Amino acid sequence: MDEDITRVVFRRWPKSQGGGIIALFPDISSDYAGRFCLSYEHIGQYGGADYQGVIRMTKPVRENSEELENLNEELGGRGYNLKIIYRRGRP
């Protein structure tokens, strides 16, 4: 398990776009220019994401959501020590 804490924002896509949950890692860049952050979804797994664009298109996920817990566990199984946050702010 990673000893460093990794900040994550969980968001839900609209039902018209599948309604799934996306995990955004605002402190981890996915490109050299730093325009995109790393993201993770059950389907598709890792990818780059426009943080502000995803925030505009999605809704926050309730803490007691079963889907959030499932994705949180999946990421924990990949070695992340996660701290759930609700906006990027400062690290």
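Derivation of every value follows stated rules applied to the coordinates shown; laboratory data play no part. Please read all numbers here as calculations on a predicted model, not as lab measurements. Glycine gets a Cβ as well: all are built from the backbone with ideal geometry, and neighbour counts include every protein chain shown.
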Taking PHE10, PHE25 and counting other beta carbon atoms within 10 angstrom, the fewest-first order is PHE25, PHE10
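What order do you get for LEU24, LEU38 when you list them from fewest to most C-beta neighbours inside 10 Å? Don't skip to the end; give the middle numbers.
Working: LEU24 23, LEU38 20.
Fewest to most other Cβ atoms nearby, the residues stand as LEU38, LEU24.
Using helices alone, I'd like the mean residue ellipticity at 222 nm for the chain: each DSSP H run of four-plus residues gives -39500 (n - 2.57), total over residue count, nearest 500. Can you show the working numbers first?
Numbers: 2 runs with 19 residues, N = 91.
Result for the chain: -6000 deg cm²/dmol, rounded to the nearest 500.
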Most exposed first, judged by fewest Cβ atoms within 10 angstrom, VAL61, VAL54 run VAL54, VAL61
Residues whose modelled amide H sits under 5 Å from the amide H of TYR80, counting only those 5 or more places away in sequence or on another chain, are ASP2
Label-point separation in nm, LYS59 to SER16, each point 7 Å along Cα→Cβ:
1.4
